[in-house]
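Colleague: Below you will find the structure I want to go over with you.
The values are calculated or read from the model by the stated rules, or taken from the named source; none is laboratory data. The model shown is predicted, which means the values in this text are computed figures rather than measured ones. We place every Cβ from the backbone using ideal geometry, glycine too, and count neighbours over all the protein chains shown.
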């Protein structure tokens, strides 16, 4: 028998200490609901759980970002809906003014309403904001600072922000026609025919003796796609009274490339400022800098299409011979994922009267009203295209939110299996540890009584 070292008591104490530690862990888990309350509880599980936790929180925030994006799109689309209504009213007024039952005074009154509608278009474009961010001024799309030179400007998320200088030196106006028989004042003198060649597509037009040139012009307009034939009776015998023109396809074109986007070509980079030109049907001009970076401008009728060196996706339609600076404001970036670079982009082009090409609508004459109809048709088409793009992006964001929600739900379930405690199982462990604690305390007391048996040997 030994009294200096009570091995039984030490063993009981160690067991009791372990039981108390386990009981303490059970109490901590049950009170927090978490299986892992510190790195020592499960070192690997803690690392995995924290990584999953960052992903689930990122997914939740990405859903909020997408919802905010939808709200912004709805704000812009709502404004464009009203712009559509304004353009439709302007077109209605143009059709009304083109009728010669109106007097000059009548047309002047119609013009007053047109002017007010143009001002409202500009006001809507300049004042539509979301969280103080302008939506329709071209800051997140495209705009042009020279009215009337180009119109129907489009850019994509691939187009680099910056200013593109456009120098239009010729338009596709005149279709190539064979000689028409000499004209008298109003009609043909003998039967015949002639060819109209539009970019290689030849149409033969026949006419009868003494046929009205007005009737001949109407037949051409009905049978040859993309051209406009007109006859002006000014009482003189002049072939120039009869013209065939087109704004989309036709005669040789001349393009000059002089500058590109900021961050791509600067004014000094394009062949040291030397313009690059090409003349011909569907002309193409390419400028290359010292590093062999190329910027190409090609045409389809009066449509200019840019490619290369950051300009991909930029296009516009030339409407007059002059120079213009087209500013691409870049695009909005919606962060719609939990990780880096999980984004989508959106650009909204300038939707003011100048960029829509209707700032100079003049319906004070029948001819001006007729021209205004075409201008407004183009503007309505531009707004329709922009609204369609916004609607498509909104639908995409709806699907994005659904996908993010499903991913968050499944990832949360996986993270829960690692970090959350099974309450029923832990209560069972706590009950076991409570009983062991009580038993251990009793056994330690018994072990402490064992050395007292030495006293009996002393008699």
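Colleague: Which condition does residue 351 not pass, out of (1) closer than 20 Å to residue 386 by Cα; (2) in contact with a strand residue (DSSP E or B) (Cβ under 8 Å, 6 or more places away or on another chain), if it passes all the others?
Modeller: That leaves (2) as the condition not met.
Colleague: Does at least one position in segment 111-122 carry a residue that is touching a strand residue (DSSP E or B) at 6+ places or on another chain (Cβ under 9 Å) and either assigned to a helix (DSSP H, G or I) or modelled with pLDDT under 70 (or both)? Talk me through it step by step, then tell me what you get.
Modeller: Start the filter on segment 111-122 by keeping residues that are touching a strand residue (DSSP E or B) at 6+ places or on another chain (Cβ under 9 Å), which leaves none.
Within segment 111-122 (the criterion being touching a strand residue (DSSP E or B) at 6+ places or on another chain (Cβ under 9 Å) and either assigned to a helix (DSSP H, G or I) or modelled with pLDDT under 70 (or both)), the answer is no, since none of the residues qualifies.
Colleague: Can you spot a residue in segment 330-341 that is part of a strand (DSSP E or B) and over 21 Å from residue 72 (Cα atoms)? Walk me through it before giving the result.
Modeller: Taking segment 330-341 as the starting set, the residues that turn out to be part of a strand (DSSP E or B) are 332-335.
Within this subset, residues satisfying the condition of being over 21 Å from residue 72 (Cα atoms) are none.
Taking every residue of segment 330-341 in turn, none turns out to be part of a strand (DSSP E or B) and over 21 Å from residue 72 (Cα atoms).
Colleague: Here is a further query. Taking the conditions exactly as written (outside any helix (DSSP H, G or I), at pLDDT 75 or above and either assigned by TED's automatic domain parsing to the domain that holds residue 82 or surrounded by fewer than 20 Cβ atoms within 10 Å (Cβ to Cβ) (or both)), does residue 100 satisfy them or not?
Modeller: Details: outside any helix (DSSP H, G or I): yes; at pLDDT 75 or above: yes; either assigned by TED's automatic domain parsing to the domain that holds residue 82 or surrounded by fewer than 20 Cβ atoms within 10 Å (Cβ to Cβ) (or both): yes.
Considered against the rule, which asks whether it is outside any helix (DSSP H, G or I), at pLDDT 75 or above and either assigned by TED's automatic domain parsing to the domain that holds residue 82 or surrounded by fewer than 20 Cβ atoms within 10 Å (Cβ to Cβ) (or both), residue 100 comes out as yes.
Colleague: Another question, if that's okay. For residue 72, indicate whether it is out of contact with any helix residue (DSSP H, G or I) (no Cβ under 6 Å at 6 or more places or on another chain) and under 21 Å from residue 132 (Cβ atoms). If you could, list the steps in order and put the result at the bottom.
Modeller: Numbers: out of contact with any helix residue (DSSP H, G or I) (no Cβ under 6 Å at 6 or more places or on another chain): yes; under 21 Å from residue 132 (Cβ atoms): yes.
Yes.
Colleague: Which members of segment 3-36 meet the condition of being in contact (Cβ under 8 Å) with a residue 12 or more places away in the chain and outside any helix (DSSP H, G or I)?
Modeller: 3, 6, 33, 34, 35, 36
Colleague: Need the failing condition index for residue 412 against (1) surrounded by 19 or more Cβ atoms within 10 Å (Cβ to Cβ); (2) at pLDDT below 95, just the number.
Modeller: (1)
Colleague: Which condition breaks for residue 136 when tested against (1) in a loop (DSSP other than H, G, I, E, B); (2) at pLDDT below 75?
Modeller: Of (1) in a loop (DSSP other than H, G, I, E, B); (2) at pLDDT below 75, only one is false for residue 136: (2).
Colleague: Does residue 404 count as buried (at least 20 other Cβ atoms within 10 Å of the Cβ), touching a helix residue (DSSP H, G or I) at 6+ places or on another chain (Cβ under 9 Å), at pLDDT 90 or above and within 28 Å of residue 228 (Cβ to Cβ)? Let's see the steps before the verdict.
Modeller: Values: buried (at least 20 other Cβ atoms within 10 Å of the Cβ): yes; touching a helix residue (DSSP H, G or I) at 6+ places or on another chain (Cβ under 9 Å): yes; at pLDDT 90 or above: yes; within 28 Å of residue 228 (Cβ to Cβ): no.
So residue 404 fails the test.
Colleague: Can you tell me which residue is surrounded by the fewest Cβ atoms within 10 Å (Cβ to Cβ) among those in segment 103-123 that are more than 21 Å from residue 366 (Cα to Cα) and in contact with a helix residue (DSSP H, G or I) (Cβ under 9 Å, 6 or more places away or on another chain)?
Modeller: So the first thing to find is which residues in segment 103-123 are more than 21 Å from residue 366 (Cα to Cα), and the list is 119-123.
After this cut, where a residue has to be in contact with a helix residue (DSSP H, G or I) (Cβ under 9 Å, 6 or more places away or on another chain) as well, the list is 119-122.
Numbers: 119: 12, 120: 15, 121: 26, 122: 17.
Applying the filter and picking the extreme gives 119.
Colleague: Can you find a residue in segment 75-89 that is in the same structural domain as residue 388 (by TED's automatic domain parsing), over 30 Å from residue 133 (Cα atoms) and at pLDDT 95 or above? Spell out the reasoning first.
Modeller: Applying the first criterion (in the same structural domain as residue 388 (by TED's automatic domain parsing)) to segment 75-89 yields 75-89.
Retained after the next criterion (residues that are over 30 Å from residue 133 (Cα atoms)): none.
Within segment 75-89, none of the residues are in the same structural domain as residue 388 (by TED's automatic domain parsing), over 30 Å from residue 133 (Cα atoms) and at pLDDT 95 or above.
Colleague: In segment 345-459, which helices (runs of 4 or more DSSP H) lie fully inside it and hold 3 or more residues that are over 30 Å from residue 67 (Cα atoms) and either touching a residue at least 24 places away in the same chain (Cβ under 8 Å) or in the same structural domain as residue 127 (by TED's automatic domain parsing) (or both)?
Modeller: Working: elements: 353-356, 366-419, 423-449, 454-457.
The qualifying helices (runs of 4 or more DSSP H) are 366-419, 423-449.
Colleague: Do we have any residue at all in segment 315-322 that's in a loop (DSSP other than H, G, I, E, B), modelled with pLDDT of 75 or more, in contact with a strand residue (DSSP E or B) (Cβ under 7 Å, 6 or more places away or on another chain) and not assigned by TED's automatic domain parsing to the domain that holds residue 110?
Modeller: The initial filter retains those residues of segment 315-322 that are in a loop (DSSP other than H, G, I, E, B), namely 319-322.
Filter once more, keeping what is modelled with pLDDT of 75 or more: none.
Looking for residues that are in a loop (DSSP other than H, G, I, E, B), modelled with pLDDT of 75 or more, in contact with a strand residue (DSSP E or B) (Cβ under 7 Å, 6 or more places away or on another chain) and not assigned by TED's automatic domain parsing to the domain that holds residue 110, one finds none in segment 315-322, hence no.
Colleague: Let me ask you something else. Can you confirm whether residue 338 is touching a residue at least 12 places away in the same chain (Cβ under 8 Å) and surrounded by fewer than 21 Cβ atoms within 10 Å (Cβ to Cβ)?
Modeller: Values: touching a residue at least 12 places away in the same chain (Cβ under 8 Å): yes; surrounded by fewer than 21 Cβ atoms within 10 Å (Cβ to Cβ): yes.
The answer is yes for residue 338.
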